[in-house]
Each structure stands twice: as structure tokens, then as C-alpha cells.
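For reference, the structure discussed in these notes is given below.
The values are calculated or read from the model by the stated rules, or taken from the named source; none is laboratory data. Just so you know, these numbers come straight off a predicted model, no measurement behind them. Here Cβ is always computed from backbone atoms with ideal geometry, including for glycine, and neighbour counts include all displayed protein chains. Quick note on the areas: whole protein, heavy atoms, side chains included, nothing else; ligands and nucleic acids left out. Shrake-Rupley method; radii C 1.70, N 1.55, O 1.52, S 1.80 Å.
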Amino acid sequence: MLKPLAATLSSSCLGSGVGIDHVHFAKQCYLTRSCQGDHFPKTFGGSLHFCSDDQIFFQIRRLNIRCLNRRQHIFPKCTADISDNTHQEKTDVSKATLIWRAIKLPIYSVALVPLTVGGAVAYLQTGLFSARRYIMLLASSVLIITWINLSNDVYDFDTGADKNKKESVVNLVGSRSGPLIAAYLSLALGFMGLTWASVDAGNMRSLLLLACAIICGYVYQCPPFRLSYQGLGEPLCFAAFGPFATTAFYLLLGSTREIIFLPLTRIVLSASLLVGLTTTLILFCSHFHQVEEDLAVGKMSPLVKMGTERGSVVVKWAVLTLYSILFALGLCRALPLTCIVLCALTLPIGKLVVSFVEENHKEKGKIFMAKYYCVRLHALFGAAMAAGLVSARMLAK
């Protein structure tokens, strides 16, 4: 009966940092711990003897061990420092999150998808692809999207729509002029790149279409127009990224000095329609979490007019419409069968968007992520469509 007790005491002391020799436990033991160069002695008085031959426990004099509060007594300074470091780490993470949201890196897929889909249609039609021109157009498109994001933050700051928006670039930087200068510098450089690509391709129709897309972006947010405050942001977004941008990139990537006139086919028009729908869905869902702020400054977005409950229904029907049009275009052979099959594989992402919005449209803290779910759908749907167009060309050989 005493042997188990001895074993228990031995393991307890070992777990508390007290060493027990196989032969005997010394009368005085000292435990020293160090934290930031400070030493804290702790004395355990007592004697505990074991016989090494027959392992008979015969004497326990006393054993005073205080384990429960030991860490609080030994490490008060260390614990406080850890708490401070943890709080500082949370603050840093929060700041990093705000910067990530201000950069809006996932949103730049709206620059990549129209370009890639337009290039895929051009490859299907002509078998041509210029990597050099593609990279130039991608860099220029990113600069144009940077202009849209920065100028939108500046002008929303002017109207008070972003007053409580911590991830606003203006609020983070603490200056209005800096982001505004960077915005229009990006616009100038981006438009120069687009002009160079148009001249290189010998197709000025594309430059006209891209200019129309940029004008849509300007009247969407910039004074004195600010048509987004009248609820016209979604139609402008659809036109800019769908028919204008996607068709323009098709013309740029399919044209050469020898092939100047490239026809507008039903394939490119169908593809641009689908790209416009997925892009518009991103913009629509980006307003779910700021309905109150928009209403306070008179920004009458569709969600302000209809409310988040009806807005969630609109999202559901928008996703259903997207895939219905996809299958309809497949039946009338406006798009290759490979496009239909690959785009159909993104149905789970579409379902995820619908379910997330339906479940969280009333919770402001969660619905913020709706636009990022839409970005996933937009990027994957566009990648699937581009892969289907390229595959159709390769299988036709």
C-alpha cells in the first residue's frame, strides 16, 4: 500500500520540477528558476528515504510543496511581459489586417479575368497569343484598378461614407492628397500602357473600348457625377468589365500588323457577358456591410434601397442566372462544350456564395467576407472559362 504512495509522491515531485534520486530524497532541495536574468529560490524542506535494496518505504517526515500558485510567485514579471507581448501581437495583427484590406489584393482579379478570357477567345479564333503584350496589358490593367480603388477611397472620404471605415487608405495614411496623387499617376501610367499595346497591335478600336471602360469607372465614383450614389454602380461595372474590357482585350491579343480587323463573334460577346455578371456580383456584395453608412451620406446603392434581406434573394437569383445563361449558351453553341463543362465545376463555389449571404446578411461583422467569396467565384469561373476556350482550340487540331 505504501509503495504506490511513494511512486505517486515521486512522480508529483518530478512533475513539479523537484528531482528525486533513486536512493534518497535530500533533506533540503533547492529549485532555481530564471526569468529575464532574475533568480528565484524556493526551498522544499523535508526528508524522504527509500531503501534501494528492497524498495521499502519507511519514513516520511515532512514535505511542503506549493505547486498550484508556484508560477504566479516565481514568474510575476515574466507573466506580465508575456501578456504585454500578446496584446502587442494582437494589435500588430489587427493593423496588418487593415492594411491587407486597404490593398484589396484579391479584388485585382477583376483586372486579370477579363484579360485572360479575352486572350483565350483570341487564341480560339486565331491561334495567336503574345506573352509580351499580355504582360503589358496586365500591368496596365492593375494600374487602372489601383486608380479606381484609391480614388474611390478619397471621394468616399470626402462625402463621409468612409468616416468609420478603418481600412480606408485615407484613414490609414492620414492624408487625402497622397492617395489622390498616387491614384491619378496610376491612371496616367496605365492608360499609356494600354495606348502602347493598341498601337503595337495596330487596332485602335480596342483603345476606344478601353477608354469607354475608364469613363465608366470615372462617372461611377468621381465628382461631379458620382453615379454610384444614384444606384447606377452595378450597370456601369457590368459594362466596363464585361463588353468593353473583355472585348477590347480580345481585339488586342488577337490582332497583328497583318490581322488588323478582327470580327466580333458571338463567342467573345457571350464570354464578356459572363465576365460582366461575375464582376458585378462582387460590387453588389461589397455593400452588404455598409448599408447604414451609405444611407447616412445619401449613397443610394441597390442594397440601401432594397435592404439586406431582399439583397440576399437577389444574390441567389444572380447566381442562378449566371449558370442558366452558361447552359443556355452551351445549348445554342455560342460557347464550346469544354467551357460549359469546366465552368459547371464551379457550381459548389456559387452555392457557397448564396448560402453564406443568406445566413449572414444581417450580421455586419461576418457579411464583410461576402465580396471575397464572390471574388473566388469570379476568379475560378473566369479561369475555367479561359481553360475551356483554350482546350477547345487544342482539341480541334
Residue selected from the stretch 242-268 under the condition open to solvent by less than 10 Å² (accessible area, probe 1.4 Å) and of a type in the set (S, T, N, Q), by the criterion farthest from Ile215 (Cα to Cα): Ser255
For the stretch 229-248, enumerate the residues that are in contact with a Lys or Arg (Cβ under 7 Å, 6 or more places away or on another chain) and either in a loop (DSSP other than H, G, I, E, B) or hydrophobic (A, V, I, L, M, F, W, C) (or both). Gly231
Among (1) within 30 Å of Gly160 (Cβ to Cβ); (2) loosely packed, with under 15 Cβ neighbours inside 10 Å, the one test that Gly311 misses: (2)
Helices (runs of 4 or more DSSP H) completely within the stretch 319-397 that count 3 or more residues being open to solvent by 80 Å² or more (accessible area, probe 1.4 Å) and either out of contact with any Pro (no Cβ under 7 Å at 6 or more places or on another chain) or closer than 15 Å to Val121 by Cα (or both): 347-360, 370-396
Could you say whether any residue in the stretch 193-208 is under 24 Å from the mean Cα position of the chain (by Cα) and crowded, with 22+ Cβ neighbours inside 10 Å? no
Please name all residue pairs, on different chains or six or more residues apart, with Cβ atoms under 8 Å, provided the first residue is in the stretch 249-277 and is at pLDDT below 95 and in a loop (DSSP other than H, G, I, E, B) and the second residue is of a type outside the set (A, V, I, L, M) and open to solvent by less than 10 Å² (accessible area, probe 1.4 Å). Ser255/Asn203; Ser255/Ser206; Ile260/Asn203; Leu262/Asn203; Leu262/Tyr250; Leu262/Gly254; Leu262/Ser255; Leu264/Thr247
Tally time: how many residues in the stretch 266-320 are under 26 Å from Thr159 (Cβ atoms) and basic (Lys, Arg)? 3
Verdict on Ala239 being under 23 Å from Ser140 (Cα atoms), at pLDDT 95 or above and open to solvent by 10 Å² or more (accessible area, probe 1.4 Å): yes
Taking the stretch 157-206, which residues are of a type in the set (Lys, Arg) and in contact (Cβ under 8 Å) with a residue 60 or more places away in the chain? Lys163, Lys165, Lys166
Number of the condition not met by Glu292 [criteria: (1) modelled with pLDDT under 95; (2) under 19 Å from Arg393 (Cβ atoms); (3) assigned to a helix (DSSP H, G or I); (4) open to solvent by 50 Å² or more (accessible area, probe 1.4 Å)]: (2)
Scan the stretch 95-131 for residues that are of a type in the set (Lys, Arg), exposed (fewer than 14 other Cβ atoms within 10 Å of the Cβ) and either in contact (Cβ under 8 Å) with a residue 60 or more places away in the chain or in contact with an Asp or Glu (Cβ under 6 Å, 6 or more places away or on another chain) (or both) and report the count. 0
Being closer than 30 Å to Cys339 by Cα, open to solvent by 40 Å² or more (accessible area, probe 1.4 Å), of a type outside the set (S, T, N, Q) and out of contact with any strand residue (DSSP E or B) (no Cβ under 6 Å at 6 or more places or on another chain) is the requirement here; does Tyr134 meet it? yes
